[in-house]
Amino acid sequence: MAGTQTMVIGPIPSGFSPRSSSCDLGLCSGPTSRRPAASPSRTGLCSSFVGGWGDRRRPAVRSKKRRERNRFIVDEIAGQYEESFEDIHGQLINFFTYKAVRTVLHQLYEMNPPKYIWFYNFVSNNQVKDGARFLRSLGKEHQELAERVMVTRLHLYGKWIKKCDHAKMYQRISDENLKLMRERLMETVIWPSEDPNAENLDS
């Protein structure tokens with residue numbers, strides 16, 4: 001009949017797999033048609049070749065992917081602290097550098113206003129986020145002030161060590177954690193209605 005296309009079924013190639021396309025199986029109706037091959041589950045094929053090979057391999061791959069999806073790396077969320085606290089040490093040094101800069105600024109404001117203005121402008125243009133970088137930049141511009149800040153931050157740290165009570169700090173952190181959890185619990189609790197009509201309905 002006119003306009004009827006014939007389908008040529010070729011031999012199954014040796015490299016056949018369940019993901020092979022229809023053209024790989026010789027089921028192309030024309031040179032320009034590219035249609036994805038239907039899976040064995042949709043077509044209802046139950047041959048020993050397709051059912052046996054595909055069913056044996058696919059569940060293993062899925063279970064492996066499922067296991068990989070369920071893996072959670074917990075110890076890297078807040079940092080690994082099993083061996084050292086170097087990140088906290090760095091933050092402490094940066095903080096005491098910042099506190100020393102404020103102390104020196106306060107001293108210069110009372111004792112040397114011109115130097116205070118210069119140092120204030122320098123701090124405005126160079127933020128004290130990285131203590132070592134800040135002191136390197138300051139040393140290139142004003143070595144005396146850089147040394148003064150370094151001595152001051154060491155002095156402040158020494159005073160803090162004498163006053164710091166580690167047991168008290170631990171208790172403060174514990175109390176704050178408990179307070180935050182209590183506040184969150186109070187926000188999520190659904191209290192009984194104070195509407196008198198609701199009480200009448202209950203009675």
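Observations
- With respect to the conditions (1) within 31 Å of the chain's Cα centre (by Cα); (2) open to solvent by less than 80 Å² (accessible area, probe 1.4 Å); (3) free of Cβ contacts under 8 Å to residues at least 12 places away in the same chain, Val128 lacks only one, and its number is (3).
- In segment 155-172, the residues that are part of a helix (DSSP H, G or I) reach residues that are among the hydrophobic types (A, V, I, L, M, F, W, C) and surrounded by 10 or more Cβ atoms within 10 Å (Cβ to Cβ) with C-beta atoms within less than 7 angstrom, at least six apart or across chains, in these pairs: Leu156/Phe96; Leu156/Ala100; Tyr157/Phe96.
- So Val123, is it of a type in the set (A, V, I, L, M) and open to solvent by less than 90 Å² (accessible area, probe 1.4 Å): yes
- When His106 is tested against (1) modelled with pLDDT of 95 or more; (2) farther than 18 Å from Phe95 by Cα, exactly one condition is not met: (2).
The values are calculated or read from the model by the stated rules, or taken from the named source; none is laboratory data. Everything numeric in this text was worked out from a predicted model, so none of it was measured. Please note: Cβ atoms are built from the backbone with ideal geometry, for glycine as well, and neighbour counts cover all protein chains shown. The protein model used for the area step is the full one, side chains on, heavy atoms only, and it has no ligands, DNA or RNA in it. Shrake-Rupley method; radii C 1.70, N 1.55, O 1.52, S 1.80 Å.
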